[in-house]
1. Residues of the range 91-124 being surrounded by 18 or more Cβ atoms within 10 Å (Cβ to Cβ) and either in a loop (DSSP other than H, G, I, E, B) or among the polar types (S, T, N, Q) (or both), which ones?
2. Note down all Cβ pairs under 7 Å where the first residue falls in the range 294-308 and is at negative phi, the second is part of a helix (DSSP H, G or I) and at pLDDT 95 or above, and they're at least six residues apart or on different chains.
3. For the range 40-54, how many residues meet the condition of being farther than 20 Å from P271 by Cα and in contact (Cβ under 8 Å) with a residue 12 or more places away in the chain?
4. So how many residues does the range 132-165 have that are assigned to a loop (DSSP other than H, G, I, E, B), crowded, with 16+ Cβ neighbours inside 10 Å and touching a residue at least 60 places away in the same chain (Cβ under 8 Å)?
5. May I ask you to list the residues in the range 26-39 that are of a type in the set (A, V, I, L, M, F, W, C) and over 15 Å from D264 (Cβ atoms)?
6. Find the residue count for the range 166-205, including only residues that are crowded, with 16+ Cβ neighbours inside 10 Å, among the small types (G, A, S) and in a loop (DSSP other than H, G, I, E, B).
7. Across the range 17-33, what is the total count of residues that are within 13 Å of P77 (Cα to Cα) and at pLDDT 95 or above?
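The values are calculated or read from the model by the stated rules, or taken from the named source; none is laboratory data. Keep in mind that what you see is a predicted model, and the values were worked out from it rather than measured. Cβ sites come from the backbone with ideal geometry, for glycine too, and all protein chains shown count toward neighbours.
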Amino acid sequence: MIKFEHRRQLFHRYGGNPILSPERWTYPANSTFNPGAVRHNGETWLLVRVEDMRGFSHLTFARSKDGITSWRIDSKPTLMPDPVFNEEQWGIEDPRIVWLPEREEFAVTYVSFSKDGPMVSLALSRDLHNFVRKGAMLPPEDKDASLFPRLIKDRYVLIHRPIIRGEAHIWIAFSPDLRYWGDHKILIPVRPGRWDSTRVGLGPPPIETPEGWLIIYHGVRITVSGALYRVGLALLDLEEPWKIIRRSDEWVFGPREPYERVGDVPGVTFPTGAVLNEATGKLMLYYGAADSTVCLATAHIDEVLDYLLHESAG
């Protein structure tokens, strides 16, 4: 029981959740959720998924000094679906953001949605307001993708979640140029019978630590009342990231509060952005709650790593 309580307390909800909601938006919106997050120029920057009253999504920029309060939200959508790119016909969703030091620009991976199904797309930017689209990276059906925030052995590395033969595992792939992808491997599989038995998918981009790449992922289990989205952890080798060092046996965060259980999709905690203060070790996790609002949970990186290192090998 003591061990279970320790695990459940790794992440602490911000008492003022939700931190962003449709009621605070600068224009009509049905829901605001699943943001990409980075810390830049002394501010936390979010690209928030905004669903309009047609059911189509776009991305809007929001910024805050402390990453918690006093958010300044763009007065209009920041990145809209582009009709030139047919795969974006029904909207763009769920961004993940990394800064690529080799290119000195942000890489934003997001889900493009159309009649052909969801697929992963890429846009590059220096300011998260002006974008150069690179189009679809991989064929459908694919979601929950992010680049690693640096080259590994002179190659870009991508985590993504294709659906193949009905199976929904987390995969890893490699590229010399952000265009051609190969060496695809299953990285984190679903685990039958457990909390992550139906689907797994990457949360925020991989976080580099001295112990390895910290992976925060969501796992889904179908219940009689619907799907439950909970959060687990894994640790990957720094230079051979296809190797799992540790993986959490239990979930470490899941729907509990009313704003996580009531919304467009009840029972969802879906992390997509994280900011680590390396000086203090504070990890800020931004997540979508019930596909309706943006919420925040915090943890200390040392406690997260200590917990993982006492788990069994992946």
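1. Residues satisfying the conditions are T109, S112, F113, P118, S121.
2. Every condition considered, the pairs that remain are C295/Y259.
3. Qualifying residue count, the range 40-54: 3.
4. Qualifying residue count for the region: 1.
5. Passing the criteria: A37, V38.
6. 2
7. Looking only at the range 17-33, we keep the residues that are within 13 Å of P77 (Cα to Cα), and these are 25-29, 32.
This time we only want the ones that are at pLDDT 95 or above, so: 25, 27-29, 32.
Residues flagged as within 13 Å of P77 (Cα to Cα) and at pLDDT 95 or above within the range 17-33 amount to 5.
Residue-by-condition table, conditions (1) modelled with pLDDT of 95 or more; (2) crowded, with 20+ Cβ neighbours inside 10 Å; (3) under 14 Å from the mean Cα position of the chain (by Cα):
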site: T280; (1), (2), (3): yes, no, no
site: Y286; (1), (2), (3): yes, yes, yes
site: L308; (1), (2), (3): yes, yes, no
site: S312; (1), (2), (3): no, no, no
